[in-house]
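Read the structure below first, then the notes.
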Amino acid sequence: MDIKITAKNIKLTPAIKEFINTRVSKIENFFDNIVSAQVLISVEKKINQRAEIIVHTGAKTTLTASAVESNLYKAIDAAAIKVEGQAKKVKSKAKARKVAKKSVKEVAEINPFAEHMMISQNDVKFSVIKQVEVSPMNPEDAAYEMERLGYSFWMFLDEDSKQINLIFKRLDGTYGLIKPIKKK
């Protein structure tokens, strides 16, 4: 792992450099594909010793932590502990995703339609609820607006039928249009 150290308002001694290298390299025990790390150390108002550690991984994840202590070594250690905690969390989430994906695949092999039946009503969680103002437009204008904003779907008010419609981009590059009808 490539470790870059930047010191501000403090002299970077070989002892500090060695401590940073050994402490930051221990993060590799918690996370496999670390590409590089940046360590920023500084002294603020002669009493606060600040350490910030930024770790770049091959999975395009950046872990960042900082700590302020009265002792520089304590600050470096506290920031490293925070980064290790983040690395453990990212690694456990990746493992959970892998296990969940594998179990869905196994169930889907047994019953190809089971994948759609696996979500019970108690498992549905909304991370974002967004209120959207719908504008009257035709499907072509809706497709243009969707592409302009970089979305994969767009809800709009059809100017002819005055009903809410949904346009979406299909995997083959064509568009799909969902028009509501009354249930018989």
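The values are calculated or read from the model by the stated rules, or taken from the named source; none is laboratory data. These numbers were taken from a predicted model, which means no experiment stands behind them. With ideal geometry, Cβ positions are generated from the backbone for all residues, glycine too; neighbour counts draw on all protein chains shown. Accessible surface is based on the protein model in full, side chains and every heavy atom, while ligands, DNA and RNA are left aside. Shrake-Rupley method; radii C 1.70, N 1.55, O 1.52, S 1.80 Å.
Structure above, values below:
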| read-out | value |
| --- | --- |
| Accessible surface of the range 8-101, 1.4 Å probe, proportion on carbon and sulfur as whole % | 55 |
| Lysines whose Cα lies under 28 Å from that of K184, excluding same-chain neighbours fewer than 8 positions away | K162 |
| At R0 = 25 Å, FRET efficiency that the Cβ-Cβ distance of K93 and I5 yields, to 0.05 | 0.30 |
| Förster-model FRET efficiency, 35 Å R0, A15 and T61, C-beta, rounded to 0.05 | 0.70 |
| Pairs beyond 21 Å (Cα-Cα), from K98/K169; K45/K74; K95/K169 | K98/K169; K95/K169 |
| Identified option (computed log10 I(q)/I(0) by the Debye sum over Cα atoms at q = 0.13, 0.16, 0.19 Å⁻¹; candidates (1) -0.84, -1.08, -1.27; (2) -0.85, -0.98, -1.17; (3) -0.57, -0.90, -1.31) | (2) |
| Whole-angstrom gap from the range 1-35 to the range 121-184, using each part's C-alpha centre | 50 |
| Using a Förster distance of 22 Å, the FRET efficiency for S36-K82 (Cβ separation, nearest 0.05) | 0.75 |
| Convex hull volume of the range 2-44 per residue (C-alpha atoms, cubic angstrom) | 66 |
| Of K26/K91; K8/K46; K60/K130, those spanning more than 19 Å from alpha-carbon to alpha-carbon | K60/K130 |
| Cα→Cβ-extended label distance, 7 Å offset, between L149 and S70, nm | 5.5 |
